[in-house]
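Here, each number is a calculation from the coordinates, and none is a lab measurement. Because the structure is a prediction, the values reported are computed rather than measured. Quick reminder, even Gly has a Cβ in these numbers, built from the backbone with ideal geometry, and neighbours come from all protein chains shown.
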Amino acid sequence: MDNDSPTPGDTEIVERVVAGDVHAFEHLLRKYQNHVLILLKKHLPYDQIEETAQDVFIRAYRALPTFRGESSFKQWLSTIAVRACYDFWRKHYQSRELPMSSLTEKHRVWLEEAISAQSSQSFHEQSLQKEAREILDWALDRLSAADRMVLELVYLEGYSLRETADLLGWSITNVKVRSFRSRKKLYKLITQAIPG
Amino acid sequence: MNPPKTEHEALQAILKKAYRQKENVAVGDQWQQEVMRRVRNLGALETTPSFPEMLEQLVWQLAPVTCLLIFGLTVLFAVSDFTSGYEVFQLLMNGAEELTFAQFVGL
């Protein structure tokens, strides 16, 4: 996460929007659309990215009067985006009707090779990222929304516990415990999927 | 089967790399226009606080006064000769025939 100080330009634009200049919001949208998209692409299914991106900016617009400039606008917007992702997964898990995807024999063989590879670097170069992504999606699909978000932020993206706690609005202890448990669950899922 | 730490690390590196691949997905550029259309429809932002917000502010402003009042009443009851409802009830039940109204109210 960026810890940059509040940008004066952003604060001025926010003040203009709050004062009633609705069109000034477009500056913020154009400036941070890529940042939000990158964030959403990592957390959401492809077909949900555009809709959620819209939702993030609308939420941000509505919440602008509460922006105090204590953190940078980018950081504030990231919090809204991460919480929108979490909300998406919570709703998705609650209303899930379709059966979850399962691993094929090809995936299982790939997984066995990946784990037993002596040099992970050489394996990276040779392996098919498509399989890796499918296995990761398969495993993440079996975690709860909260475990999924914590695992993605801490384990896969490398955010610190404090940054993750700020993004999700949770306590550090909660993030710490969830991070440990979700990682354990992930390894259990993956190791159980390995043949033999 | 539990993979040892080095295998954990290898697997983590592979999963991280796979995870980052998602950044390369192409997204359309129509959604920004839709955001601005919705923002224009929403109109200018309300800066005056809503009724629940005003109520919340009022509650917090009155909180110190309420605390002082509670403290004051507690002290008052502690130092005065307070007769509980139960004791009044007992008094009525035990000697109701001898008790006049004047005695009851303490005159």
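For the reader, a short list of remarks on this structure follows.
- Per principal axis, descending, Cα span of region A:8-94 in whole Å: 39, 21, 20
- Here the residues B:70, A:58, ranked from fewest to most Cβ neighbours within 10 Å of their Cβ, fall in the order B:70, A:58.
- Listed pairs A:91/B:17; A:74/A:106; A:74/A:188 exceeding 32 Å between Cα atoms: A:74/A:106; A:74/A:188
- Normalised contact order of region A:8-94, rounded percent, pairs of Cα under 8 Å and 6 or more residues apart: 32
- Extension gain (nm, one decimal) between residue B:24 and residue B:55, 0.36 nm per residue minus Cα-Cα: 6.4 nm
- Extension gain for the segment residue A:15 to residue A:141, taken as residue separation times 0.36 nm less the Cα-Cα distance, is 41.2 nm to one decimal.
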